[in-house]
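Have a look at the structure below, then the notes.
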Amino acid sequence: MEHGDGRQALSYPIPSPAALEPPVEWADLRRECPAARVTLPSGDEATLLTRYADVRKVLSDPRFSRRLNAEDAARIGDSESGGVFNGEISETLPQTGEEHQRWRRMITKWFTARRMAALRPAIETMAERLVDEMVEHGPPADLKASLGFPLPVWVICDLLGVDDADRDRFAYWSDTFLNLTRYTDEQVAAAQAEFVEYMTAHVTAKRADPGEDLLSELTTATDARGGRMPDAVLVATGQALLVAGHETTANMIAKMAGLLLADRRRWERLVTDRSLVRSAVEEVLRFDANAGIGMPRYIGEEVELAGTVLPGGTTVMCGMAAANRDESAFDDADRMDLARSPNPHLAFGSGAHSCLGQALARTELQAVLDVLLRRLPSLRLAVPPAELRRIEGLAVGGLREVPVRW
Amino acid sequence: MKVNLDQDKCVASGQCVVAAMEVFDQRDEDGIAVLLNDSPPADQADDVRHAATVCPALAITVEE
């Protein structure tokens with residue numbers, strides 16, 4: 001394998017032999033070519049990192065910027081705009097340094113361990129309601145459509161103080177924002193315009209009549225320097241929370257069920273010992289080989305990494321899922337160990353830009369798993385694991401559906 | 001054991017509080033971690049090492 005030098009670049013994302021399996025190339029790449037040349041869906045080239053230490057280093061090194069609008073930065077998607085990584089949110093929200101930190105810290109107060117513990121019963125109640133509806137319709141059911149997809153959008157809508165009646169619109173907008181190939185540029189632009197119109201009116205309404213939600217709080221809160229968020233930043237913040245919090249968690253709920261049920265001994269162990277729910281969620285996050293394209297970064301200067309020299313102007317793809325299978329970081333990395341602890345996986349990234357909502361995602365996954373184990377201990381896949389299919393065309397990896405019986 | 005916490009690096013993931021709640025807490029105003037005890041007793045040492053390992057910001061360092 002010599003993807004690092006003059007040879008042909010690997011087409012990226014790299015296909016997998018089965019929906020829940022990692023690409024066979026990962027192990028070779030980690031061993032022999034930890035900085036590999038790849039061709040992105042846009043046709044542009046980037047450098048793929050697959051080792052734990054390299055991925056962690058790049059994600060926490062501020063020289064590797066998230067600004068992919070540099071003239072020579074690679075575009076990710078094949079639409080004209082390049083999809084979510086080159087979109088308008090990244091123009092409006094502060095992306096780097098102190099300004100980014102001030103913005104981020106206005107949000108993080110909503111995601112503390114204490115708040116998550118307080119929020120958990122409400123999330124379990126939502127999950128119970130969705131499970132009730134699924135049970136009412138009877139088996140077989142698609143766990144993704146019945147539970148995985150609706151739950152996180154309900155949680156985000158609550159966070160933003162959005163009416164229950166508008167949850168479906170949010171779900172559609174969220175889907176289009178993460179487009180790499182599924183929607184046309186016109187559909188993406190139309191969804192973007194509708195969302196901005198909705199959120200602008202929503203911000204105005206919350207300013208006039210604040211509720212108990214995060215958005216209401218942000219309309220009046222001040223940052224560490226006494227500054228307030230302008231409306232455009234509030235709207236973009238709402239969009240960022242939706243984009244970051246919906247599809248990712250929805251897919252992770254579905255993949256969690258798929259991974260735990262594909263080898264039913266895993267499920268049975270959890271049914272017998274629900275105290276493993278917390279570590280099982282972390283292990284599922286680590287083990288997920290279908291996590292999407294990873295995190296792109298751009299480096300403006302020459303830098304030494306992974307035993308090679310990256311020239312200035314390189315776009316790097318951080319393969320977190322590949323890094324999470326690195327034997328030098330995790331014992332028996334290809335074995336799912338539901339009790340693994342500690343588990344410093346990179347599913348939420350690392351460093352100053354690691355997932356803002358990771359505590360919320362963890363809480364949702366733990367709540368869903370706990371409810372499922374309690375309510376449907378007899379849960380099983382309704383198809384052989386080999387028949388599970390990946391969704392294509394979104395930046396976030398997922399399964400098309402997770403057919404289950406109980 | 002001596003624990004150091006770099007609040008400037010902290011990203012408020014809350015992982016340290018979950019791992020070692022006797023040693024770490026989070027500020028109400030922004031979720032940034034605070035150190036409750038920089039010299040925790042031996043029976044909390046494992047939890048603190050766990051917290052340092054899983055901190056996504058690498059903001060916790062431990063001197064044994």
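Here is how the numbers come out for the structure above:
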| item | result |
| --- | --- |
| Whichever residue in segment A:118-153 is within 14 Å of chain B (Cβ to nearest Cβ) and touching a residue at least 12 places away in the same chain (Cβ under 8 Å) and, among such residues, is surrounded by the most Cβ atoms within 10 Å (Cβ to Cβ) | A:Leu119 |
| Of all residues making up segment A:8-41, the number that are surrounded by fewer than 18 Cβ atoms within 10 Å (Cβ to Cβ) and either in contact with a His (Cβ under 9 Å, 6 or more places away or on another chain) or more than 18 Å from A:Gly397 (Cβ to Cβ) (or both) | 7 |
| Residues of segment A:335-371 satisfying the condition of being within 14 Å of A:Arg286 (Cβ to Cβ) and acidic (Asp, Glu) | A:Asp337 |
| Failed item in (1) buried (at least 22 other Cβ atoms within 10 Å of the Cβ); (2) at pLDDT below 90; (3) within 14 Å of chain B (Cβ to nearest Cβ), with A:Gly97 passing the rest | (1) |
| Residue list for segment A:97-154, restricted to those being outside any helix (DSSP H, G or I) and within 20 Å of the chain's Cα centre (by Cα) | A:Thr112, A:Phe149 |
| Selected residue [at pLDDT 90 or above, surrounded by 15 or more Cβ atoms within 10 Å (Cβ to Cβ) and hydroxyl-bearing (Ser, Thr, Tyr)] from A:Thr50, A:Thr92 | A:Thr50 |
| Strands (runs of 3 or more DSSP E) (entirely within segment B:11-64) containing at least 1 residues that are over 9 Å from the mean Cα position of the chain (by Cα) and within 10 Å of chain A (Cβ to nearest Cβ) | B:24-26 |
| From the options A:Gly313, A:Gly307, A:Gly398, residue that is crowded, with 21+ Cβ neighbours inside 10 Å and either modelled with pLDDT of 95 or more or closer than 23 Å to A:Tyr12 by Cα (or both) | A:Gly398 |
| Segment A:334-346, residues that are surrounded by fewer than 24 Cβ atoms within 10 Å (Cβ to Cβ) and within 24 Å of A:Ala53 (Cβ to Cβ) | A:Asp334, A:Arg335, A:Met336, A:Asp337, A:Arg340, A:Ser341, A:Pro342, A:Asn343, A:Pro344 |
| Hits in segment A:315-324 - residues which are away from chain B (no Cβ under 14 Å) and either touching a Lys or Arg at 6+ places or on another chain (Cβ under 7 Å) or in a strand (DSSP E or B) (or both) | A:Thr315, A:Val316, A:Met317, A:Ala322 |
| Top-ranked residue in segment A:368-394 [being assigned to a helix (DSSP H, G or I) and surrounded by fewer than 18 Cβ atoms within 10 Å (Cβ to Cβ); ranked as nearest to the other protein chains (Cβ to nearest Cβ)] | A:Arg374 |
| Identity of the residue in segment A:57-87, touching a Gly at 6+ places or on another chain (Cβ under 8 Å) and within 14 Å of chain B (Cβ to nearest Cβ), that ends up modelled with the lowest pLDDT | A:Pro62 |
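Condition check ((1) in a loop (DSSP other than H, G, I, E, B); (2) within 14 Å of chain B (Cβ to nearest Cβ); (3) hydrophobic (A, V, I, L, M, F, W, C)) across all residues:
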position	(1), (2), (3)
A:Asp326	yes, no, no
A:Leu338	yes, no, yes
A:His345	yes, yes, no
A:Cys355	yes, yes, yes
A:Gln366	no, yes, no
A:Val396	yes, no, yes
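The values are calculated or read from the model by the stated rules, or taken from the named source; none is laboratory data. Since this is a predicted model, take the numbers as computed values, not measurements. We place every Cβ from the backbone using ideal geometry, glycine too, and count neighbours over all the protein chains shown.
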